[in-house]
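Below: one structure, written as structure tokens.
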Amino acid sequence: MRAREADVEGFVEHGGVRIHYEAHGAGEVTFLLMPTWTVIDKRFWKAQVPYLARHHRVVVYDGPGNGRSDRPLDPAAYAQDAQVAYALKVLDATGTGRAVPVALSMAANWALGLAAEHPDRVHGTVLIGPTVPIATPASARSAFNRVDGPAPVLAPSQVPGLGSDPPEHWLKYNREYWRENFDDFLWFFMGQCFSEPHSTKQIEDAVGWGRQTTPEVLVAKSHAPWPDNRTLTEWCARVTSPVLLIHGDDDRISSIHRSRVLAELTGGDLVTLEGAGHIPLARDPVKVNLLLHEFAQRFRTPASQRRTWSRFGHRRKRVLYLCSPIGLGHARRDVAIAAELRQRHPEVQIDWLAQHPVTTVLAQAGERLHPASRWLANESAHIEAEAGEHDLHCFEALRRMDEVLLANFMVFHDVVRETDYDLVVGDEAWDVDHFLHENPELKRFAYAWFTDFVGFLPMPDAGPREALVTADYNAEMIEHIARYPRIRDRAIFVGNPDDVVDERFGPDLPMIREWTREHYDFAGYVTGFDPATVADRQALRAELGYRPDERVCVVTVGGSGVGRHLLRRVVDSFREAARLVPGLRMLVVTGPRIDPSAVASRAGLDVRAFVPDLHRHLAASDLAVVQGGLTTCMELTAAGRPFIYIPLRHHFEQNFHVAHRLERYGAGRRLDYEELTPQVLAEAIAAEIGREVAYRPVERDGAARAAHLLAELL
């Protein structure tokens, strides 16, 4: 799922080649995000578009050879003049008089040509890792920086200075290798582009974009005329608008020396990113986004501002609360923690930066939603789009949510920049936690992190790739905490030490339970309600309208729309279950993201949408059938009710972390979705309904303990 869809899109044509473009936003300044080498498409700007489009206008387009543009095999279609012409056509089609071209790598040539030859169309120019015809000193040369201009595509023996025994990777950068081993070349080349550790996702993205084109297209591009050093120097002399250069000093594709020379030739500013590779806009997107936004500010009409500053004694205590929308469990426990926090700090103002379905719970509780919440990209919708039939590759879905998470972090950044918060609380706010560690200079508040599981774990049938990637993600998190322990002022585990799985983060990495004990405080489980209020089941059943002779089975699948397949299977078992269980009444709760009309109603089957006091119905039930989400399962455990849980396939948290905790509490009966025929489920319902249970007790003061840990930060 994209974090932002285009407001306008279309095609332009030049020289018989169709070029696809998109326009986003409506700001005073327009960014023209240009294509680069044909090996990737315009989606490489995905981390920039949502943020920039909230503040400015953004035009982005596919160059010839990839994305939704044509794939010509005539080298002239990839030449300098043609590339500048495509940019002008796109500007005209989008009604853009002047823009700020932003160019990566070899696109720097097209951007400089545009600025020099058409100065009336350019406010200023941003060049990132420019690959231009500037000789690289021998001390700075890498395989891609041995000769002037673009990396050569000749046979190794024809490349000046290589000698008779070139590095193995150099041999892959030639036309014959492209034709014979294109996929291997893509993995190699993208690995060189992303020299930073823990870049598996960015490399996979780029390889996927590369697979959209063909070796023949790359060969055609390699024969296109290339500007020489004299032409480049003439362009730089004619550029009169501002120039910003951004370059990583670990760029293995184009040496930073080129940006240093360009800065001298154009009088431009150079920002060196230490430790960054060739595509920092993907690997360090927050920093690049902020640099671009700052650069554009100089071209905006100054606006008058009114500001208020408060002395320390006049500042009300403010908390910004972020709550994961993946399910409703986070919302219920966070509202309970917020209520306890107000008991300790009655004057505190709590703002919630949240999205649907969390907003449903917040509205019922009368909480204050921050107006910037409307800018958040919906994470639940992404998860639903990733799900199959009761199947969610949870880890992969989280990885593929990178665009959404980055967009939401940039919303968060704007909020905390504009308002002084004493404390930020992130309940599994993965975006905030990750990007604060990646950009520690942005932290100007106390920060508390909540989670109810630690450690990504590979699914057994996922193969060695997932085992490698989950370990890599875990290793990056461990490195974040070790390098910047000051980012998390509190790390709070919702549970107890033994609730943490006794597994390893990965080969040569620590044990998860031991590491968590060292780096977390433990609040105990937070139910979001006081179990004492539902202890009198008979009175509760009467209040909720359940008759004494009814056997009540509550079916619920959480706050997202992922559980619709499970609902259908349970409903399909109702007829047989009702035959086995006289007086069976089944309450089916579809939740806020599933239309109740999708479930056929019948006698004895009560279908409802969102039920705000669901925990009371669960406590009053004789049995519950649920997904494997932690919150609902633990609410049933706290209430001492029998339940059947069916974890989502490939959902590592439900299959490992939740299952481990339920086993420790001696709670619930697990069924697998594959065996869930109407007969099997009906028999399980008949066996479990009304069964006496003896679970391990669940603490009642988890919210108070969590609030105490937060209160200390205020």
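The values are calculated or read from the model by the stated rules, or taken from the named source; none is laboratory data. Just so it is clear, the structure is predicted and the values come from calculations on it, not from any experiment. Ideal geometry is used to build each Cβ from the backbone, glycine not excepted, and the neighbour counts take in all protein chains shown. These accessible areas exclude ligands, DNA and RNA; they are computed on the full protein's heavy atoms, side chains included. Shrake-Rupley method; radii C 1.70, N 1.55, O 1.52, S 1.80 Å.
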The answer for chymotrypsin sites (Phe, Trp or Tyr not before Pro) in the range 242-326 that fall in a DSSP coil and have at most 16 neighbouring Cβ atoms within 10 Å is Trp309
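For the range 638-714, report the % of Cα-Cα distances exceeding 20 Å. Provide the component values of the computation, followed by the final result.
Numbers: 1456 of 2926 pairs.
For the range 638-714, the share of Cα pairs beyond 20 Å comes to 50 percent.
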Ranked from the most accessible area to the least, with a 1.4 Å probe and all protein chains present, what is the order of Val625, Val271? Val271, Val625
Of all the accessible heavy-atom surface of the range 199-277, with the other protein chains kept in place and a 1.4 Å probe, what percent is carbon and sulfur? 46 percent
Val534 neighbourhood, Cβ < 15 Å, K/R = +1, D/E = -1, net charge 0
Separation of the Asp249 and Asp530 label points, Cα + 7 Å toward Cβ, nm: 5.9 nm
Centroid-to-centroid separation of the range 288-367 and the range 398-466 [C-alpha atoms, Å]: 15 Å
For the range 281-398, take N as its residue count and report Rg(C-alpha) divided by 2.2 N^0.38 Å. 1.41
Residues of the range 86-115 with amide nitrogen under 15 Å from the 7 Å Cα-to-Cβ point of Glu28? 98-100
Probe radius 1.4 Å, ligands and nucleic acids left out: which of Glu653, Glu441 has the largest accessible area, and how do the rest follow? Glu441, Glu653
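Please tell me the relative contact order of the range 210-341 in percent, rounded to the nearest whole number, where contacts are Cα pairs under 8 Å and at least six residues apart.
Once divided by the residue count of the range 210-341, the mean separation gives 16 percent.
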Rounded to the nearest 10 Å², the accessible area of Arg551 at probe 1.4 Å: 80 Å²
How big is the Rg/Rh ratio for the range 170-257, C-alpha atoms only, Rh by Kirkwood, two decimals? 1.04
Mind checking the log10 I(q)/I(0) for the range 448-578 at q = 0.12 Å⁻¹? Debye, one equal scatterer per Cα, no solvent, two decimals. -0.76
What does the convex hull of the Cα atoms come to per residue for the range 397-482, in Å³? 99 Å³
Euclidean distance between Cα centres, the range 647-681 to the range 219-256, Å: 57 Å
Charge tally for neighbours of Leu114 with beta carbon under 15 Å away, counting Lys, Arg as +1 and Asp, Glu as -1, is -1
What spacing in nm lies between the two simple spin-label points modelled at Thr240 and Lys317, each 7 Å away from Cα in the Cβ direction? 5.9 nm
From the mean inverse distance of alpha carbon pairs (Kirkwood) and the Cα radius of gyration, derive Rg over Rh for the range 420-465. 1.15
What is the distance, in nm, between label points placed 7 Å from the Cα along the Cα-to-Cβ direction at Arg465 and at Glu180? 2.5 nm
Considering amide H positions built from the backbone, and no H for Pro or chain starts, which residues 5 or more places from Arg18, or on another chain, come under 5 Å of its amide H? Asp70
Derived scalar couplings ³J(HN,Hα) [the range 277-293; Karplus, 6.51 cos²θ - 1.76 cosθ + 1.60; whole Hz; x for Gly, Pro]: x, 7, 10, x, 4, 9, 8, 10, x, 4, 4, 5, 4, 5, 5, 5, 4
Excluding residues fewer than 8 places away in the same chain, name every one of the lysines whose C-alpha is closer than 21 Å to that of Lys172. Lys221
Taking all protein chains in place and a 1.4 Å probe, what share, in percent, of the accessible surface of the range 1-68 do carbon and sulfur account for? 45 percent
Calculated Rg and Dmax of the range 437-493 using C-alpha coordinates, Å: 14.0, 43
By a straight-distance test (C-alpha under 27 Å), which lysines pair with Lys443 as possible cross-link partners, with residues fewer than eight away in the same chain excluded? Lys46, Lys201, Lys287, Lys317
Expressed as a whole number of Å, what is the distance separating the alpha-carbon centroids of the range 498-532 and the range 261-285? 41 Å
Accessible surface of Ile134 in the full protein assembly, 1.4 angstrom probe, to the nearest 10 Å²? 10 Å²
Sort 605-613, 458-466 for me by packing, meaning the mean count of neighbouring Cβ atoms within 10 Å per residue, highest on top. 605-613, 458-466
With a Förster radius of 25 Å, plug the Cβ-Cβ distance of Ser304 and Arg444 into 1/(1 + (r/R0)^6) and report the FRET value to the nearest 0.05. 0.45
Please work out how much length the chain gains when fully extended from Val680 to Ala135, using 0.36 nm per residue of separation minus the C-alpha to C-alpha distance, in nm with one decimal. 189.0 nm
Where in the range 417-461 is the amide nitrogen less than 15 Å from a point lying 7 Å along the Cα-to-Cβ axis of Ala365? 425-429, 450-451
For Gly268, what charge total do you get from the other residues with a beta carbon under 14 Å from its beta carbon, if Lys and Arg give +1 and Asp and Glu give -1? +2
